[in-house]
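Below: the structure, in structure tokens.
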Amino acid sequence: MAVFRCKMCGGDLDVTDTSTNIFTCKYCNTQQTIPTLDSEKKVNLFSRANRLRMNNEFDKAAGIYETIASEFIEEAEAYWGLCLCKYGIEYVDDPATAKKIPTCHRTSYQSIFEDENFTTALQYSDAEATSVYRREAKEIDRLQKEILSVAANEEPFDIFICYKETDEEGERTKDSVLAQEIYDALTEKGYKVFFSRITLEDKLGKAYEPYIFAALSSAKIMLAVGTKYEYFNAVWVKNEWGRFLEMMKEDKSKTLIPCYADIDAYDMPAEFKNFQGQDMTKIGFKQDLVRGIAKLMGGGTPAPVTYAAAAPTLDKCIENAEVYMNLKNYPAAYETYQTMTREYPGHYLGWWGLIIASSRNLTAVSDEDENKIKEWYGYALSLADDGQKAEIKSEMKEYLRIKSSAYAEGSRDMYSEMLARANGMIKASESAIQKEERRVADAIKSCNHNIERQKDDIKECRSLIKKYGTLKNRITRAKVTKFFFTLGIITLIVCFFIAISTPKSESQEINDIVSVVASIALIGTLVMALVHAISSSLVNSFRRKNPGVSAYSPSVCKANMRDLGSQINKNNAAIEVYQGQLAELSNPENRIIEENKRRIELTRNAIADIEAIKDDRENIALYDFYLSCKDYGCETPTLNEAFVPVWDKAMAAMKFIG
């Protein structure tokens, strides 16, 4: 099976646990879903698609995800991959958490929650994976709304120039120079043109996507400028003209004009084959292009330059806002209240109106950040008179009630996510316990094996000591008999010389003595010869039977016996070490196992605490309402006192899990 990589950072994932599709990358510490790894072909396809997506080649990646979805119809991860490509999601490092967070390069007016592929992904995923998908989708939807909010305030463009700004060495391309010449010619005619080199130069430090999306959405004409095939197909260039082509399917008034130089028209991207291109090397190219654009824009008349109108009066702003609110045109009302906060920041109604409009007349939870709501609420209270303050607080209390009810309803997903995470923690701890138990069992087995090996070594050493002792004794006996045999021979020789050198007058008496000594010496010599022969035979026989015992003197045998005794002492010391390790391993209070058992116990208690409140919508809403009223300085409702400790335990449990 191929190695599966993290779809956010590209690191290798440990996917040995096949009981789940949820894993946390050890490199970027990000929890994520993975496909069912039941086919090597599928894994290879996902690896290719994820690699292309991480390189921001979203169209190519989408093609592979579609292939997977057509072959493995119930693979939820394929449909999720299509969602990531559609919205151009790139995961980047978050400096605050060191985790990967999404950024959006392909904004769409359609919410991800309304996307068909997202719905299909949820359809084919289990509860745990669904929770992860929904969490990521919420973050993507939040990004989309932020981008759309910025884009909504941008002035519309007539023309979008798409080109490659720098080459591989970071130098400005010929495409950029040609594009700027076109930009200058068109702006001279009064057209509002998006040319990133100039249009985005005052946006340094900001995300470019809102401005690019606003320009792509509003522009009627795109000029795709290129002098090389690879420049036309550069990642971000293709991202722009690819998105514009998708918009052209919905808006028939949009037009794409390829502008090329130094390449054959047939070398342009295949997607341009149905469009009339413009050769930038031809004489009069710019005049022809400007005249053609004038016709496309309508009658040859450029869009007139407009000037900001004078700010409406406060009364007019209030009147317009009320009309929009009555018509339930909340975005228009919101813009009107924004105008009031800019032009008349000292009037409370502009700040309070932002809350009213963003919450659809206090009937829904505002999409705005909670800190912004508090800030506007504080401004409104500080600027209102006593009667207005009482009314604001009363209305805010009703809004907080709605918000708390929505929180209670939406808490199901949050609690489900926490419970899924808790169950994952239990699985991880159980896995750690099993791993530690296997390690201990293997270590005990290894210690027992080493002890037995040391005992075998001791047994072998003692056997060798016994053999060397036997050999030493036999060699000594042979040497002693040889000595007495030699002594007998010497005695006989001495007796012989005494006998022949003694005078005859004294020979009888001396001869008798010599004869006795010689007889004794002869008998002793013969006996020693026999004993020595037997001893030497025993030594040689022992050596033949014990070829590994190769000493030739008692001193060598003694030295070998001493070395073997030292080895036995070392073996006994090693046995003591292994027995100490064995005693430590056999200790039932294993720190790792006990810590994980304790963690499992605490996690199960946390699960029980969350389970105790997760379905109690009424009390969850009431307690959140109480806390919100307290936070906003409104009159607090009466609490169910019995629920408070249950809530506190559940919040502590969620903090422990999260």
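The values are calculated or read from the model by the stated rules, or taken from the named source; none is laboratory data. Predicted, not measured: the structure shown is a model, and the values here were computed from it. Counting neighbours? That spans all protein chains shown, and the Cβs are built from the backbone with ideal geometry, glycine included. Surface accessibility is based on the protein's heavy atoms, side chains included, excluding ligands, DNA and RNA. Shrake-Rupley method; radii C 1.70, N 1.55, O 1.52, S 1.80 Å.
Name the single residue that is modelled with the highest pLDDT among those in the range 102-114 being open to solvent by 60 Å² or more (accessible area, probe 1.4 Å) and not in a helix (DSSP H, G or I). Don't jump to the end; show me each part of the working.
Initial filter on the range 102-114 (open to solvent by 60 Å² or more (accessible area, probe 1.4 Å)): 109-110, 113-114.
With not in a helix (DSSP H, G or I) added as a condition, the list becomes 109-110.
Details: 109: 77, 110: 82.
Per the criteria, the residue is 110.
Yes or no, residue by residue, for (1) touching a Gly at 6+ places or on another chain (Cβ under 7 Å); (2) over 24 Å from residue 170 (Cβ atoms); (3) at pLDDT 90 or above; (4) assigned to a helix (DSSP H, G or I):
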| site | (1), (2), (3), (4) |
| --- | --- |
| 201 | no, no, no, no |
| 213 | no, yes, no, yes |
| 241 | no, no, yes, yes |
| 256 | no, yes, yes, no |
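List the pairs whose first member sits in the range 385-401 and is at positive phi, whose second member is in a helix (DSSP H, G or I) and open to solvent by 80 Å² or more (accessible area, probe 1.4 Å), and whose Cβ atoms are under 8 Å apart, counting only residues at least 6 apart or on separate chains?
Every condition considered, no pair remains.
Residue by residue through the range 383-412, note down the ones that are touching a helix residue (DSSP H, G or I) at 6+ places or on another chain (Cβ under 7 Å), assigned to a helix (DSSP H, G or I) and open to solvent by less than 60 Å² (accessible area, probe 1.4 Å). Outline the logic, then answer.
Step one: of the range 383-412, the residues touching a helix residue (DSSP H, G or I) at 6+ places or on another chain (Cβ under 7 Å) are 383-384, 388-389, 392, 396-397, 400-401, 403-405, 407-409, 411.
The next check asks that each one be assigned to a helix (DSSP H, G or I); those that pass are 383, 388-389, 392, 396-397, 400-401, 403-405, 407-409, 411.
If the condition is that a residue be touching a helix residue (DSSP H, G or I) at 6+ places or on another chain (Cβ under 7 Å), assigned to a helix (DSSP H, G or I) and open to solvent by less than 60 Å² (accessible area, probe 1.4 Å), then 388, 392, 396, 397, 400, 403, 404, 405, 408, 411 are the ones that fit.
Of the residues that make up the range 15-35, is at least one over 30 Å from residue 434 (Cα atoms) and surrounded by fewer than 22 Cβ atoms within 10 Å (Cβ to Cβ)?
no
Could you identify the single residue in 340, 418 that is in a helix (DSSP H, G or I) and more than 30 Å from residue 604 (Cα to Cα)? Steps first, answer last, please.
Values: 418 fails: more than 30 Å from residue 604 (Cα to Cα).
Testing whether each residue is in a helix (DSSP H, G or I) and more than 30 Å from residue 604 (Cα to Cα) leaves just 340.
Run down 589, 584 and say which single residue is open to solvent by 30 Å² or more (accessible area, probe 1.4 Å) and not in a helix (DSSP H, G or I). Lay out the reasoning, then the answer.
Details: 584 fails: not in a helix (DSSP H, G or I).
Testing whether each residue is open to solvent by 30 Å² or more (accessible area, probe 1.4 Å) and not in a helix (DSSP H, G or I) leaves just 589.
Please identify the pairs in which a residue from the range 167-181 that is acidic (Asp, Glu) has its Cβ atom under 6 Å from the Cβ atom of a residue that is crowded, with 17+ Cβ neighbours inside 10 Å and assigned to a loop (DSSP other than H, G, I, E, B), counting only partners at least 6 apart or on another chain.
Hits for this filter: 167/173; 175/163; 175/164; 175/227.
Might you check whether a residue that is among the aliphatic types (A, V, I, L, M) and either modelled with pLDDT under 85 or over 30 Å from residue 291 (Cα atoms) (or both) occurs anywhere in the range 152-167?
The initial filter retains those residues of the range 152-167 that are among the aliphatic types (A, V, I, L, M), namely 152, 159, 161.
Filter once more, so that each one left must be either modelled with pLDDT under 85 or over 30 Å from residue 291 (Cα atoms) (or both): 152.
Yes - at least one qualifying residue is present in the range 152-167.
Which ones in the range 30-89 are assigned to a strand (DSSP E or B) and β-branched (Val, Ile, Thr)?
Taking the range 30-89 and keeping what is assigned to a strand (DSSP E or B), we get 31-33, 89.
Result: 33, 89.
Name the residue, out of 99, 60, that is charged (D, E, K, R), open to solvent by 60 Å² or more (accessible area, probe 1.4 Å) and without any contact (Cβ under 8 Å) to a residue 60 or more places away in the chain.
On the way: 99 fails: without any contact (Cβ under 8 Å) to a residue 60 or more places away in the chain.
Result of the check over 99, 60: 60.
In the range 115-133, which residue that is open to solvent by 70 Å² or more (accessible area, probe 1.4 Å) and at pLDDT 85 or above is nearest to the chain's Cα centre (by Cα)?
Looking at the filtered set, the residue picked out is 126.
Can you list residue pairs whose Cβ atoms sit under 9 Å apart, with the first residue in the range 148-164 being charged (D, E, K, R) and the second being at pLDDT below 85 and open to solvent by 20 Å² or more (accessible area, probe 1.4 Å)? Count only pairs 6 or more apart in sequence or on different chains.
Listed by first residue and then by second, the contacts come to 155/306; 158/297; 158/302; 158/303.
Step by step: first the residues of the range 359-382, then only those that are among the small types (Gly, Ala, Ser) and over 18 Å from residue 338 (Cβ atoms), then the one that is most open to solvent (accessible area, probe 1.4 Å). Which residue is that?
382
List every residue pair whose Cβ atoms sit under 7 Å apart, with the two residues 6 or more apart in sequence or on different chains, where the first one lies in the range 613-642 and is closer than 20 Å to residue 419 by Cβ and the second, anywhere, is not in a helix (DSSP H, G or I).
Matching pairs, first to second residue: 619/640; 620/613; 623/639.
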